[in-house]
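The values are calculated or read from the model by the stated rules, or taken from the named source; none is laboratory data. Note that the coordinates shown come from a computational prediction; the quantities given were computed from them, not determined experimentally. All Cβ positions, even for glycine, are placed from backbone atoms using ideal geometry, and neighbour counts span all protein chains on display. Quick note on the areas: whole protein, heavy atoms, side chains included, nothing else; ligands and nucleic acids left out. Shrake-Rupley method; radii C 1.70, N 1.55, O 1.52, S 1.80 Å.
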Amino acid sequence: MNNHLLWSSSWKDNATGLICVIEVNTAAMQKDSNSSDPLNSIRVRHRKRSTEAPPDATKPNGSKLLVNDRNKYKSMLIRTYSSIWMIGGFVFIVYMGHLYIWAMIVVIQIFMAKELFNLLRKANEDRQLPGFRLLNWHFFFTAMIYTYGRFLSRQLVNTVTSDKLLYQLVSGLIKYQMFICYFLYIAGFVWFILTLKKKMYKYQFSQYAWTHMILLLVFAQSSFTVANIYEGIFWFLLPASLIVINDIAAYFFGFFFGRTPLIKLSPKKTWEGFIGASITTIFSAFVLANILGRFQWLTCPRKDLSTGWLYCDPGPMFKPEHYSLTGWVPQGFPWKEVRIMPVQWHALALGLFASIIAPFGGFFASGFKRAFKFKDFGDSIPGHGGITDRMDCQMVMAVFAYIYHQSFVMSQSFSVEMILEQILRNLSFEEQHILYMELGKIFHERQLMQ
């Protein structure tokens, strides 16, 4: 018992002495440090924390599937509901006809312009420049008159041919349309110069340049969309549908299988989503072209601005051709031949472009948004952002569809429709009557010679 007490007392004394030595040494070190550098007492070094998420050891390359992120399901549901409503409305407008589709394009252009005008807008500067926003819309509607006047002049003339007075008025407007639009633009240019204010020059000129960039992006591309509509709804509906299919497929393939980042501009885009969407889009293009090509309502070009149903000869592009499968399939195979429309081969080219090149329109928009540090162009569509966020790839696709149709599908020889368009556009009513009489004389002389 005494030995135990002696050992305990000795251990306590040694421990107390050790603690005292540590405290004295620590105090001495702090004193030496403070005496050598008095600022050390207030300097604190912080190690910079990494902003990157720690890699997941259970997955290759530390990547994570979006499907495992429960917070993404709510966003996916909102995005799905919005997509269903948009697709339903789009189908209804296509059913209504060419004129209503054109009206839809105009509404989309207005919303896009509104979103883009507001991107670089500064409220403080705008309060000092009353009417400056109105000037932007003046340039917008001037560009609209010029663009659609050039693309739809034939349809407009064909619509009013039954009324002589209205026909002469429309023909005169079309003849001098370029001069009218140029005068409107010059009026806006003079208006801009007169509104320049001291200390606001940089802001005003940047807005002037930004306005022209918006007009180029919106009208130079969407005008081709309207041209596609009147060449036949097929050439508008198929490219637009392929972009929608590619977008939906890329989202779901990326959501469930995405692991490998595709491009730094869009961190959520993955190679799995890109490849899966490409295969889906190309296959859908081949099948969808066969389905849409069966309806004359979609394949016939519209020569005027009316809204009635269309009936026409579909032409060789939409007439199925028979391909024998003999020698390619086993003897017991039920199908010995397949029927493929020539337009389906062209649809493969559209599908290839929609899946590989058109997404770069979205990458461009992503880079633009990152440059100006905002997430979306607007918030008009729940789960999607603004109208511009949905139209970035569509605009790229519309231009390609128009150029492809003009280069590889449309006949390059002169047709009766092209000659009539030139006559109706460039000759007055009296000159057209003289031409009619002269043609009658020529036909009469040929009949006498025969």
In region 375-384, residues that are farther than 27 Å from Ile282 by Cα and surrounded by 14 or more Cβ atoms within 10 Å (Cβ to Cβ) total 5
Among Phe117, Phe141, Phe92, the single one that is in contact (Cβ under 8 Å) with a residue 40 or more places away in the chain and either not in a helix (DSSP H, G or I) or not charged (D, E, K, R) (or both) is Phe117
Those residues of region 356-369 which are farther than 28 Å from Asn118 by Cα and surrounded by 14 or more Cβ atoms within 10 Å (Cβ to Cβ) amount to Ile356
Taking Met391 as the residue in question, decide whether it is over 18 Å from Lys268 (Cβ atoms) and surrounded by 21 or more Cβ atoms within 10 Å (Cβ to Cβ).
yes
Of Phe429, Phe400, Phe372, Phe353, the only residue that is in contact with a helix residue (DSSP H, G or I) (Cβ under 7 Å, 6 or more places away or on another chain) and surrounded by fewer than 10 Cβ atoms within 10 Å (Cβ to Cβ) is Phe372
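Looking at region 200-210, which of its residues are surrounded by fewer than 22 Cβ atoms within 10 Å (Cβ to Cβ) and touching a residue at least 60 places away in the same chain (Cβ under 8 Å)?
Residues satisfying the conditions are Met200, Tyr203, Gln204, Ser206, Trp210.
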**Asked** Does Phe111 satisfy being within 30 Å of Phe252 (Cα to Cα), in contact with a helix residue (DSSP H, G or I) (Cβ under 7 Å, 6 or more places away or on another chain) and open to solvent by 50 Å² or more (accessible area, probe 1.4 Å)?
**Response** yes
Given the condition modelled with pLDDT under 90, more than 35 Å from the chain's Cα centre (by Cα) and open to solvent by 50 Å² or more (accessible area, probe 1.4 Å), answer yes or no: does some residue in region 408-416 qualify? yes
If we ask which residues in region 390-429 are farther than 28 Å from His346 by Cα and not basic (Lys, Arg), their number turns out to be 8
The number of residues in region 268-299 that are open to solvent by less than 40 Å² (accessible area, probe 1.4 Å), under 16 Å from Leu238 (Cβ atoms) and not in a helix (DSSP H, G or I) is 1
When restricted to Tyr230, Tyr182, the only residue within 20 Å of Tyr95 (Cα to Cα) and either open to solvent by 50 Å² or more (accessible area, probe 1.4 Å) or aromatic (Phe, Trp, Tyr) (or both) is Tyr230
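Hey, can you tell me all the residues within region 167-183 that are farther than 18 Å from Gln155 by Cα and not aromatic (Phe, Trp, Tyr)?
Matches in region 167-183: Ile180, Cys181.
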Scanning region 250-267 for residues that are surrounded by fewer than 20 Cβ atoms within 10 Å (Cβ to Cβ), in contact with a helix residue (DSSP H, G or I) (Cβ under 7 Å, 6 or more places away or on another chain) and not in a helix (DSSP H, G or I) gives Arg259, Thr260, Ile263, Leu265, Ser266
Taking region 122-138 and keeping only residues that are of a type outside the set (Asp, Glu), open to solvent by 20 Å² or more (accessible area, probe 1.4 Å) and either touching a residue at least 60 places away in the same chain (Cβ under 8 Å) or in a helix (DSSP H, G or I) (or both), one is left with Lys122, Ala123, Asn124, Arg127, Gln128, Gly131, Arg133, Leu134, Trp137, His138
Per the filter on region 244-279, residues among the charged types (D, E, K, R) and either within 18 Å of Ala365 (Cβ to Cβ) or modelled with pLDDT of 95 or more (or both) are Asp247, Lys264, Lys268, Lys269
Counting only residues in region 300-329 that are in contact with a Gly (Cβ under 7 Å, 6 or more places away or on another chain) and within 30 Å of Asp247 (Cα to Cα), the one most open to solvent (accessible area, probe 1.4 Å) is identified as Pro301
Checking Gln155, Gln168 in turn, the sole residue that is part of a helix (DSSP H, G or I), among the polar types (S, T, N, Q) and surrounded by fewer than 19 Cβ atoms within 10 Å (Cβ to Cβ) turns out to be Gln168
Given (1) open to solvent by 40 Å² or more (accessible area, probe 1.4 Å); (2) small (Gly, Ala, Ser); (3) part of a helix (DSSP H, G or I); (4) farther than 20 Å from Gln221 by Cβ, Gly332 misses just (3)
Of the candidates Gly440, Gly367, Gly361, the one satisfying the condition of being at pLDDT 85 or above and closer than 30 Å to Lys164 by Cβ is Gly440
